[in-house]
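*Asks:* The structure that follows is given in the form of C-alpha cells.
The values are calculated or read from the model by the stated rules, or taken from the named source; none is laboratory data. Since this is a predicted model, take the numbers as computed values, not measurements. All Cβ positions, glycine included, derive from the backbone under ideal geometry; neighbour counts span all protein chains shown. Areas reflect the complete protein model, heavy atoms only, side chains present, ligands, DNA and RNA absent. Shrake-Rupley method; radii C 1.70, N 1.55, O 1.52, S 1.80 Å.
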Amino acid sequence: MSSADFTYDHVGATREPGFCPPGFHPLHVRTRLGEGEAVFRQGSEAVLTWELHRALGVGFGTSADRAAPGVDVTVTLAGVVRAPCRVVWTVEEYRRAGWAYGTLPGHPECGEESFVVDRTGDGTVWLTVSAFSRPARWYARAAGPAARGLQQAYARRCGTVLRRLATKGLKEF
C-alpha cells in the first residue's frame, strides 16, 4: 500500500509491539475480555465488522462491511470533529484478529492505531489498543496532555464495550 496519502511515515508500524517513532506519543491499553473460544470469536467479529466502533457512541462511517487494507473510515466526534483514516493492515489468525488504521489529511492527529483481540495459551481473551500519535491540527496541539488523556479514555472504553459485546449471550466466560 502506498503511504503517499497518509500523514505520517512508518505506515503499518503498529504491527510491531511497542514501536513508537521519534516525536510521537505511544499508547498501549490492554483489557481482559474473558475466557474461551466463544469470547474470542465474538470479540474478533465485533472488531473486524466495526461493531465495536459503532457501539462506542462516536460517529463511524465506512462503505465496507469488514476491515480490509485500503478501506477508508471516518470517525466523527460530537458531530463536529471529523477524523478520516484508512485501514493499513488486518490480521485473522487462530488466536489473533484485528486491524489498524492510519490518519489521512484532515485528521486532528497524525499517526496510527490498532485494535487486536488475542487469546493466550491459557484461554484468556484480551483486547489491545496500541497507537502512536502527535497533534496535526492547532486544536489538538492546544489540548496538549488533555488530548492524550482522551485517547487513553477512548482506548479503555473500547475494552469495556468490547467485553460486553464479546460475552453477550454467553452463560459463562
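*Asks:* For q = 0.10, 0.11, 0.20, 0.21 Å⁻¹, what log10 I(q)/I(0) does segment 86-173 give under the Debye formula with an equal point scatterer on each alpha carbon and no solvent?
*Replies:* Results for segment 86-173 at q = 0.10, 0.11, 0.20, 0.21 Å⁻¹ read -0.33, -0.39, -1.01, -1.06.
*Asks:* Considering only C-alpha atoms, what is the centroid distance from segment 109-149 to segment 23-97, in Å?
*Replies:* About 11 Å separates the Cα centre of segment 109-149 from the one of segment 23-97.
*Asks:* Round to a whole number: what % of the accessible area of segment 72-123 belongs to carbon and sulfur, probe 1.4 Å?
*Replies:* It is 52 percent, rounded to a whole number.
*Asks:* Rule-of-thumb check for segment 14-173: C-alpha Rg over 2.2 N^0.38 Å?
*Replies:* 1.01
*Asks:* At 1.4 Å probe radius, can you tell me the per residue accessible area of the chain in Å²?
*Replies:* Heavy-atom accessible area per residue stands at 50 Å².
*Asks:* Mind listing which trypsin sites (Lys or Arg not before Pro) in segment 141-173 are in a DSSP loop and have 12 or fewer other Cβ atoms within 10 Å?
*Replies:* Passing both the DSSP loop test and the Cβ count: Lys168, Lys171.
*Asks:* Pick out which of Phe132, Phe19, Phe60 has the largest mean-square fluctuation in a Gaussian network model of the chain, springs linking Cα atoms closer than 10 Å.
*Replies:* In this elastic network of the chain, the residue with the biggest mean-square fluctuation among Phe132, Phe19, Phe60 is Phe19.
*Asks:* May I pose another question? Placing unit charges on C-beta atoms (Lys and Arg positive, Asp and Glu negative, everything else neutral), compute the dipole magnitude of the chain about its Cα centre in debye, rounded to 20.
*Replies:* 560
*Asks:* In segment 94-123, which chymotrypsin sites (Phe, Trp or Tyr not before Pro) are in a loop and have at most 15 other Cβ atoms within 10 Å, using DSSP for the loop call?
*Replies:* In loop regions of segment 94-123 (DSSP not H, G, I, E or B), the sparsely surrounded chymotrypsin sites (Phe, Trp or Tyr not before Pro) are Tyr94.
*Asks:* Right, here's the next one. His28 to Ala153: extension gain in nm, 0.36 nm per residue of separation minus the Cα-Cα distance?
*Replies:* 43.8 nm
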